[in-house]
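Read through the structure below, which is laid out as structure tokens, and then see the notes.
We did not get these values from a lab; they are worked out from the coordinates using the rules stated. Everything numeric here is computed off the predicted structure, so don't read it as measured data.
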Amino acid sequence: MFEQLILFFLKDALFLLGYLARGNAFPKPLSRQEEAEMIARMQQGDEQAREKLIEHNLRLAAHIARKYTVPGYDADDLISIGTVGLIKGVGSFKPDTGTQLSTYCARCIENEILMCLRSSQKRKGEVSLHEPIGMDGEGNEIALIDVLGTDEGEVHGEVERRVSLQSVRGLVETCLHGREKTVIKMRYGLLDGTVYAQQEVARKLGISRSYVSRIEKKAMNRLKTAFETGLH
């Protein structure tokens, strides 16, 4: 389970790095029809649909993040933290619950930022677990004890603390070489701001799509191994 979490956050950190590298303004939200189509495709395992749902909800993460102030974190830091919540929200969203994606993701974004605030206050040692720290999406007061994670949440939190954008960028630069580095950068938009499909990477490099897939898998495993080594 822990290895799967590492790969999950490595891939999403690479995705976020690629988006930030493009320097684009946040895209507009999808229409209801487009969103429903992307959700249906995501439920069938379409990775590009999941990424599109994340990308077109980045504006929501930024909007919520700007409502909070956390000591030691600037606005961009909080947007990045909120984006982690967005990524988790999109990935765990269940359309059959009757809740809208934006509503569900807003709660996930807020929880992620509140967890960060909890951690910040805990380090300062100045707050009770029952002291109010903010409001949820429905206007209810939230205390620190309300955002304490379950055991699984603690595992997620540990991975998130270790998988920072800076550490992932460093891993790509120092652990990958030659075609591995090129493939990862092209696949996640770190080369020229464009996210290339495997077929496009294959055409540009003059190799087969299956070879690109093998290179990408090998590179991700190399990043995972390097990351796990850094945990100890």
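Listing for the model above:
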{"read-out": "Phi-based couplings in Hz for the stretch 36-50 (Karplus 6.51, -1.76, 1.60; Gly and Pro marked x)", "value": "4, 5, 5, 5, 4, 5, 4, 4, 8, x, 7, 5, 5, 5, 4"}
{"read-out": "Per-bin percent of Cα-Cα distances, the stretch 63-102 [5 Å]", "value": "6, 22, 25, 17, 14, 10, 6, 1"}
